[in-house]
Amino acid sequence: MPWLVLVISAVFESVWATALGESAGLTRLTPTVIFFIALTISMAGLGWSAKHIPIGTAYATWVGLGAALTVLYATLANGEPISALKILFLTGIIAAVIGLKLVRTE
């Protein structure tokens with residue numbers, strides 16, 4: 001369950017990062033509201049997960065997945081440029097997160 005909550009929190013990290021970018025410095029109401037709601041959910045989930053998963057692993061997973069999802073969304077929805085190297089490095093991030101899940105922490 002902690003890993004599921006952590007992954008969901010990473011999704012909300014991507015949501016708040018995207019909303020922050022759309023908020024024009026927190027001056028546009030709807031993206032700003034989405035930013036604060038998603039930020040709260042994301043941080044709460046990370047905090048709860050860190051009670052059950054070592055903080056270094058939890059934080060690296062949260063940041064890595066959140067960043068990869070943010071890039072994926074920006075590419076698909078906003079036409080952010082993508083290249084073979086960008087795909088390679090994003091795949092590396094995802095592979096590292098899977099590796100962190102597979103490594104025993106006990």
Exercise. Under the condition of being among the hydroxyl-bearing types (Ser, Thr, Tyr) and in a helix (DSSP H, G or I), which residue from region 1-46 is surrounded by the most Cβ atoms within 10 Å (Cβ to Cβ)?
Worked result: Ser9
For this session: Search region 62-75 for residues that are β-branched (Val, Ile, Thr) and pair each with any residue that is buried (at least 16 other Cβ atoms within 10 Å of the Cβ) when their beta-carbon atoms are under 7 Å apart and the residues are at least 6 apart or on different chains.
Result: Thr70/Ser14; Thr70/Ala17; Thr70/Thr18; Val71/Leu90
For this session: Inspect region 66-77 for any residue being more than 15 Å from the chain's Cα centre (by Cα), on the phi > 0 side of the Ramachandran plot and surrounded by fewer than 16 Cβ atoms within 10 Å (Cβ to Cβ) and give the result as yes or no.
Result: no
For this session: Go through region 26-61 and give me each residue that's of a type in the set (S, T, N, Q) and farther than 17 Å from Val103 by Cα.
Result: Thr27, Thr30, Thr32, Thr40, Ser42
For this session: Report yes if Ala58 is out of contact with any Ser or Thr (no Cβ under 7 Å at 6 or more places or on another chain) and among the small types (Gly, Ala, Ser), otherwise no.
Result: no
For this session: Could you tell me whether any residue of region 89-97 is under 15 Å from Ala17 (Cα atoms), touching a residue at least 24 places away in the same chain (Cβ under 8 Å), of a type in the set (Val, Ile, Thr) and surrounded by 16 or more Cβ atoms within 10 Å (Cβ to Cβ)?
Result: no
Exercise. Could we say that Thr61 is crowded, with 19+ Cβ neighbours inside 10 Å, part of a helix (DSSP H, G or I) and of a type in the set (Ser, Thr, Tyr) here?
Worked result: yes
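Values in this text are rule-based calculations from the coordinates and carry no lab data. Just so you know, these numbers come straight off a predicted model, no measurement behind them. Cβ coordinates were reconstructed from backbone atoms using ideal geometry, including for glycine residues, and neighbour counts include every protein chain displayed.
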